[in-house]
Structures are given as structure tokens and as C-alpha cells.
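A.B. asks: Can you keep this structure in mind? I'll have questions shortly.
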Amino acid sequence: MWVNAPVTFETKKEAQLWLSRQHTAVVDKVIEPRAEASRMTLREYASGWLDERRSASGQPLRVSTRRGYQHLLEHQVYPTLGDRRLSALTPEIILTWYRSMLPNRPTSRARTYAVLRTILTTAVE
């Protein structure tokens with residue numbers, strides 16, 4: 001599923017700020033996951049997300065991008081979080097996962113977190 005922001009932003013920075021605020025609202029539990037998504041595991045939801053994800057231009061993901069996301073999910077996210085229901089994910093669980101993930105590889109760690117954050121953001125919109 002692809003969900004658009006409620007407005008068009010003039011700059012990338014404005015869009016990123018909006019996304020960051022949405023993420024914070026989710027983490028602070030101001031926004032609840034959609035009912036259908038909350039019954040799914042992270043693995044189930046992320047699989048559908050990956051199938052429907054589009055680039056900024058609205059095109060399907062390039063094969064290499066999709067493979068990269070899939071690799072991050074399979075090797076870094078799913079072993080710890082994949083079988084948890086979306087509704088059961090808490091800030092504490094995510095923080096514990098993040099702290100244990102790739103401590104000596106900050107770029108890979110940031111990339112993995114960014115993918116997970118995007119998935120979780122779409123789950124609540």
C-alpha cells in the first residue's frame with residue numbers, strides 16, 4: 001500500500017520534517033496502527049509493503065533496490081522483529097533491537113533503521 005502525505009511539500013526538508021513528526025507520533029502512541037495492519041506480523045506487512053513500494057517518481061522499485069531492502073529485512077529485521085504483531089511493537093522493543101543491530105556498521109545500521117521506520121510509518125497511515 002502506498003499512502004501520500006496530506007499536502008505537497010515545497011522542499012525535501014519540509015517533507016522529511018513531516019515524516020519525522022509522523023514517526024514521533026507513532027512512537028509516542030499518539031497514532032494507532034490501522035486495524036487491519038495491527039493484526040499482521042511485521043514480516044507479513046513488510047512483504048506487502050515491499051511488493052507495493054514505489055520510488056519517489058511513482059515507478060516500481062528497481063530490482064537492486066528491492067533486493068537491498070529484502071536483504072536488510074531478512075538479515076537484520078526479521079530475525080528479531082519479524083514474527084511480532086505490529087500492534088505489539090513498542091518503542092522499547094525497537095530501541096532494544098536498534099542498540100543490538102550492527103554496532104560497528106553505522107551506515108548499514110542507519111539504512112536498516114530507515115527502511116523499518118518507513119514500513120512502520122505506512123502501517124499507521
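Bear in mind these aren't lab numbers, they're just calculated from the coordinates by the rules spelled out. What you see is a predicted model, and the numbers here were worked out from it, not measured in a lab. Every residue, glycine as well, gets a Cβ built from its backbone with ideal geometry; the counts of neighbours run over all protein chains shown.
A.B. asks: State whether the range 42-125 is rounded, prolate or oblate according to the following rule on the C-alpha gyration tensor (a ≥ b ≥ c being the square roots of its eigenvalues): a/c under 1.5 gives rounded; otherwise a/b larger than b/c gives prolate, and the remaining case gives oblate.
C.D. replies: Because a/c hits 1.5 or more and a/b fails to exceed b/c, the range 42-125 counts as oblate.
A.B. asks: Apply the Karplus parameterisation 6.51 cos²θ - 1.76 cosθ + 1.60, with θ equal to phi minus 60°, to every residue of the range 40-55 and state each ³J(HN,Hα) to the nearest whole Hz, in sequence, with x for glycine and proline.
C.D. replies: Running phi through 6.51 cos²θ - 1.76 cosθ + 1.60 with θ = phi - 60° gives 8, 7, 4, 4, 4, 5, 5, 4, x, 4, 5, 5, 9, 4, 10, 6 Hz.
A.B. asks: Okay, next question. What does the charge dipole of the range 33-109 about its Cα centre add up to, to the nearest 20 debye, if the Cβ of each Lys and Arg holds +1 and the Cβ of each Asp and Glu holds -1?
C.D. replies: The calculation lands at about 220 debye.
A.B. asks: Okay, moving on. How large is ³J(HN,Hα), in whole Hz, for each residue of the range 96-106 in order, when computed from phi with the Karplus curve 6.51 cos²θ - 1.76 cosθ + 1.60 and θ = phi - 60°, using x for Gly and Pro?
C.D. replies: Taking θ as phi minus 60°, the curve returns 4, 4, 4, 5, 8, 8, 6, x, 9, 10, x Hz for the range 96-106.
A.B. asks: Quick check on packing: order 69-76, 43-50, 97-104 by the mean number of other C-beta atoms within 10 Å, highest mean leading.
C.D. replies: With the highest mean Cβ count within 10 Å placed first, the list reads 43-50, 69-76, 97-104.
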